[in-house]
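Read through the structure below, which is laid out as structure tokens, and then see the notes.
We did not get these values from a lab; they are worked out from the coordinates using the rules stated. Nothing here was measured: the structure is a model prediction, and the numbers come from that model. All Cβ positions, even for glycine, are placed from backbone atoms using ideal geometry, and neighbour counts span all protein chains on display.
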Amino acid sequence: MNVILPIVFILFTACASTPIKTTSQKVINVKDFGAKGDGITNDYLSFKNAVEAINKQGGGKLEIPLGHYLLNTYSTGKEDKSLVFQNCKQLEIEGNNSIMELKGDFHRKVTRTGAKHKFSTDRSLVPLLIQNCKDVRISNLVIDGNVDQMSRDASIVEAAGHLVMIRESRNVVLYNLELHHAMSDGLVLGGNNIPSMEITIDRVISRNNGRQALTIGYAQDVMIKNSEFSYTGITEGNYGHHAPAAGLDIEPNREFQKVKNITFENCTFKNNMGSEAVINHISTTDGVVFKHCHFESSPDSSRKWEIIVNAKNVNFHDCTFVFPNGSIYPTWHKDGSSAGFYNCYIKSGDAGILAVSFNPNSTVIVDNCILEYTGKEVIERYFPYIRMPGLSFTNNVIKIPGDKIKGKRVDGLIEEVKLYKNNRIESSGNNKPRISTTNAKTK
């Protein structure tokens, strides 16, 4: 049971955030519906009745007084018991630094076997689901999914065990939230027929969740700042994880679900079991920007692809990457992607950047970056490993320690590239790295 509020969470509560429009609708207090907030009593019915009262009046403020609220009621295959705020305008959920906790000490059994997967409708719940709402603010709340207390039959795929879902809603502010130990995702942004739009996420921590820290499905015009997405797949119990166990996964499900204008500022992605970030839907995703963000994988991770980019206009500005055993993959298998890395610092014990693509319409720019080899052993493959006619490599510094150089063999490849200009190779000692630039244009 995770009930300790981290210091960083408490400090955030004094900060200002984007306001929503004020509402004259009635304030609904969960304690007026019988909630105890003692961490022992099942407060699910009190919350459900309070949510229904909010929905009935079409919006308003849900007040959650400081406390520890246990939810010990779950969905089954016949009935979804998620707490759904629906068709509301000017909705505010004020947590007052409270904890909402899902009962977690149970075993999930297989209830249906499909052609490829095993499924379970045994116990799942979304404690905050915002559906078709406008002008929403959720603030100052911890939600603990308690997956660390769960177990399951082998090979069961994930259920709808997310902690916060925003669906087909507009002008939403999420401020000072901690979402951890979900059965599946900490936070999901999306929709079926219309996108969620104009979303601000500020000071949100999503960690130790079973499948994803943050999933973006059908969403547009999203600003995410001062937030952390970490330790996905590390559920700290017997439950295990669900693939892809990434920090961020942008994954619209249908061709018409366009994702665009997504910005991350001052965010951290670290120690996720899967990739730190996966942006892998080229026909539906256009315009993802990372500014002053930090990406770091665990020293124990054996995963090679820490960043996967396969979309249009994905750009990293002033970001740091620390990957002891992995690399950035700035292009993937499909044609038409475009990515840029500007003023970034890339530390890697693998290739740093691995881009081997002859797709005619895919482009990558690496400009004014530092690439530093941090492996403990002599370079095995190449640092960096680049063979891509659509890549420009300009004004960069490549650092390789002298004792990690191969000797007479080539240490790095930047071949067949569109442009190679104003780059510098640095090393300690008398050994100098050999970087092959065969067929690289210099003008």
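For region 205-254, the set of trypsin sites (Lys or Arg not before Pro) satisfying both a DSSP loop assignment and a count of at most 13 other C-beta atoms within 10 Å is given as 254. A DSSP coil position with no more than 15 other Cβ atoms inside 10 Å describes the following GluC sites (Glu not before Pro) in region 342-396: 377, 380. What is the log10 of I(q)/I(0) for region 93-139, computed with the Debye formula using one identical point scatterer on each Cα and no solvent, at q = 0.31 Å⁻¹? Debye output, listed in q order: -1.21. Using a 7 Å offset from Cα along Cα-Cβ at residue 291, what residues in region 309-352 end up with backbone N under 17 Å from the label point? 314-320, 340-344, by backbone N distance to the label point. Computed from the C-beta positions of residue 439 and residue 119 and an R0 of 51 Å, the FRET efficiency is 0.50 to the nearest 0.05.
Dimensions of region 22-104 based on its C-alpha atoms, expressed as ranges along the principal axes with the largest first, amount to 37, 32, 18 Å. Using a ≥ b ≥ c from the Cα gyration tensor of region 313-420 (square roots of the eigenvalues), is it rounded, prolate or oblate, where a/c under 1.5 gives rounded and otherwise the larger of a/b and b/c decides, a/b for prolate? Judged from the Cα gyration tensor, region 313-420 comes out prolate (a/c at least 1.5, a/b above b/c).
Here the alpha carbons of the chain define both size measures, Rg and Dmax, at 23.5, 77 Å. The convex hull drawn around the Cα atoms of region 239-365, when projected onto a plane and averaged over every direction, covers 7.8 nm².
Report, for the chain, the % of DSSP beta bridges that are antiparallel, rounded to 5.
Numbers: 3 of 147 bridges.
Counting only bridges with both partners in the chain, antiparallel ones make up about 0 percent.
The value of relative contact order for region 369-443, using C-alpha pairs under 8 Å at least six residues apart, is 34 percent.
Model label sites at residue 394 and residue 317, defined 7 Å from Cα along the beta-carbon direction, differ in position by 1.7 nm. For residue 372, the residues whose amide H sits under 5 Å from its own are 346, 347, 348, 399, ignoring neighbours fewer than 5 places away on the same chain, with H placed 1.01 Å from N.
Please report, largest first and rounded to whole Å, the three semi-axes of the ellipsoid equivalent to region 215-262, where each semi-axis is the square root of five times an eigenvalue of the C-alpha gyration tensor.
Working: eigenvalues 129, 48, 6 Å².
Rounded to whole Å, the semi-axes are 25, 15, 5.
Rounded, prolate or oblate, given the Cα gyration tensor of region 100-188, with a/c below 1.5 counting as rounded? Could the numbers behind the result be given before it?
Numbers: a/c = 3.32, a/b = 1.72, b/c = 1.93.
Oblate shape, in that a/c is at least 1.5 and b/c is the bigger or equal ratio.
As an equivalent ellipsoid, region 202-294 spans semi-axes of 22, 17, 9 angstrom, where each value is the square root of five times an eigenvalue of the C-alpha gyration tensor, largest first.
Within region 29-177, the percentage of alpha carbon pairs spaced more than 29 angstrom apart rounds to 18%.
Using Cα pairs under 8 angstrom and six or more residues apart, how large is the relative contact order of the chain, in percent? Once normalised by length, the contact order is 7 percent. For region 190-247, the convex hull drawn through the C-alpha positions has a volume of 73 cubic angstrom per residue.
The Rg/Rh ratio for region 363-441, using Cα coordinates for both the radius of gyration and the Kirkwood hydrodynamic radius, is 0.96.
For region 45-127, trypsin sites (Lys or Arg not before Pro) are listed when DSSP marks them as loop and at most 10 other Cβ atoms sit within 10 Å of their Cβ; the list is 78, 116.
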